[in-house]
Every structure is written in C-alpha cells, then in structure tokens.
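Peer 1: Below is one structure. I have some questions about it.
The values are calculated or read from the model by the stated rules, or taken from the named source; none is laboratory data. Worth saying up front: this structure is predicted, and the values here are computed from it rather than measured. Cβ placement follows ideal geometry from the backbone for every residue including glycine, while neighbour counts extend to all protein chains displayed.
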Amino acid sequence: KAIFDGVTSQLLKKGFIARGGQIIDATLVPAPKQSFTKDEKEQLKQEAMPAHWKPTKRRQKDLDATWTKKHGKSHYGYKLSVNMDKKYKFIRKIVTDTASTHDSQHFERVIDKANTNRNIYADRGYPSAEREAWLKANGYRSQIQRKGHRNKPLSKTQQGRNHRIAKTRARVEHAFAAMEQMGRKLIRTIGQVRANFAMTMMAACYNLKRLAYFQSACIVAF
C-alpha cells in the first residue's frame, strides 16, 4: 500500500489531481486452481488442516482464494476494486479481497473524497435504495446504472440513462485491459497477503505507465 500511495503522491505533485467524477468497478484476478481430495475438502470446510500435509505441501496450497460465478462461468482467485477519476483515468483508490466477495461490498471504501466532481459512476451491480440515499446525504450525484426486473423492466428513459453511463463507465475497462497486457492480471503467489501485494502493484504499475504516457506525449495537468 505504501508503494501505491507513493505513486499517488507523485501524481499529485505533477498536478494530476482527481477530476471529472469517479468511476467505481471491480475485476476478478485469477489464481492457479487448487486440487484437493474429497477428504481434504471436508477437513478444510471444518477449518482443520489435513494431518498428512507436510509443511512444504501446506506452503504450496492457497487456502484463501475463493470461487465465484460471473456470466455463467466459474472463476477462482481474488478481486480488485478500484476507483478511477474520469478526467485522467488514474486509479485513485483500491481495495483487495477474495473473488467471492460481491462487487458492491467495498463501494464506500473506494470513494475518493478528493475528487473535484461529485458524480459517481458504477454499473448495475451496485444500485440499492440505501446506497442512493447515502450518496445523496453525502453530497454525491449517483450515476449508477439501474437494474431491470422481470415484473418491472426498465423504461426507455432509464435505458437511455444506462447507455450514457456505460460510455463513461467503460473507461475503467481500459485500465483492467492494460493490466492484463502488462502480464500482471494473474496471481502466482500463495495466500491473500501476497495476493493483496500483487494486486496493489498492478494498480501502481498501471498508474506509472499512464504517467509515463502523459510525459512522453508532453501532456500536462490542466
């Protein structure tokens, strides 16, 4: 976290303060799948370590990564929640967790109070009446996409609003794609502590690469 904060300090020194609103999203970060016997699974469910595991084998087993489903597909690993500013597309806040944690759980934790704009953009996984009320009470303007229901589909107006939000929200996908291109969107370590460090480094490296782009293109903060 100190490394990420250090990179953030460099951004601020160069004038790249968070502007234009903030985009909140989360991405799955895969980890190597673990294989356990039926007996081992039962023991682990009881939070007991299999007696026959030697220390060397234990060190090779990731007992922190979890499974989740997204778009009908199973994923194993961890999750990185981020806050990106709309103007410069730097990652401003991060929270790391396991894959099974719902995207919306860390919403409030990644809000950047320093952003000069009060708009907050997020996808359909984040809306709730309580969250909308909280945002309003704290002076934010909700730009969270609405979710339709079987007995109450979205109106044309709501669909249009979702489409407008999606255009802005898609910017964060560029950051996730950049991390993957850097070859870092895969956890190769064992355990959540090391995974947290790896995901933090992903975000820090993305910001450094984007800052290098601005400098090479002679783009200054404005």
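Peer 1: Given (1) in a loop (DSSP other than H, G, I, E, B); (2) over 13 Å from the mean Cα position of the chain (by Cα), identify the lone condition not met by Y121.
Peer 2: Unmet condition: (1).
Peer 1: Another question about this same structure. Against the definition (modelled with pLDDT under 95 and surrounded by 14 or more Cβ atoms within 10 Å (Cβ to Cβ)), how does Q60 come out, yes or no?
Peer 2: So Q60 fails the test.
Peer 1: Then there's this: Of all residues being in a loop (DSSP other than H, G, I, E, B) and modelled with pLDDT of 95 or more in region 16-51, which is farthest from D103 (Cα to Cα)? Just the residue, please.
Peer 2: Of everything passing the filter in region 16-51, F16 is farthest from D103 (Cα to Cα).
Peer 1: List every residue pair whose Cβ atoms lie under 7 Å apart, where the two residues are 6 or more positions apart in sequence or sit on different chains, the first residue falls within region 79-94 and is over 28 Å from R194 (Cβ atoms), and the second residue, located anywhere, is among the aliphatic types (A, V, I, L, M) and not in a strand (DSSP E or B).
Peer 2: Cβ pairs passing all conditions: D85/A18.
Peer 1: Let me ask something else about it. I190: more than 20 Å from T27 (Cβ to Cβ), buried (at least 18 other Cβ atoms within 10 Å of the Cβ), among the hydrophobic types (A, V, I, L, M, F, W, C) and touching a residue at least 60 places away in the same chain (Cβ under 8 Å), yes or no?
Peer 2: yes
Peer 1: Which residues, taken from region 129-146, are free of Cβ contacts under 8 Å to residues at least 40 places away in the same chain and within 19 Å of the chain's Cα centre (by Cα)?
Peer 2: R131, S142, I144, Q145, listed by residue number.
Peer 1: Evaluate the following for N138: is it surrounded by fewer than 18 Cβ atoms within 10 Å (Cβ to Cβ) and either closer than 25 Å to L211 by Cβ or of a type in the set (D, E) (or both)?
Peer 2: Taking the combined requirement at face value, the residue does not satisfy it.
Peer 1: Okay, moving on. Confirm whether R150 is surrounded by fewer than 18 Cβ atoms within 10 Å (Cβ to Cβ), within 16 Å of the chain's Cα centre (by Cα) and over 21 Å from R164 (Cα atoms).
Peer 2: Answer is no for this residue.
Peer 1: Another question, then. In region 92-115, which residue that is buried (at least 16 other Cβ atoms within 10 Å of the Cβ) and of a type in the set (S, T, N, Q) is nearest to A18 (Cα to Cα)?
Peer 2: Among those that are buried (at least 16 other Cβ atoms within 10 Å of the Cβ) and of a type in the set (S, T, N, Q), it is N115.
Peer 1: Another question, if that's okay. Looking at region 155-162, is at least one residue over 20 Å from the mean Cα position of the chain (by Cα), surrounded by 15 or more Cβ atoms within 10 Å (Cβ to Cβ) and either within 19 Å of R19 (Cα to Cα) or not aromatic (F, W, Y) (or both)?
Peer 2: yes
Peer 1: May I pose another question? How many residues does region 167-187 contain that are loosely packed, with under 13 Cβ neighbours inside 10 Å and over 27 Å from I144 (Cβ atoms)?
Peer 2: Looking only at that region, the number is 3.
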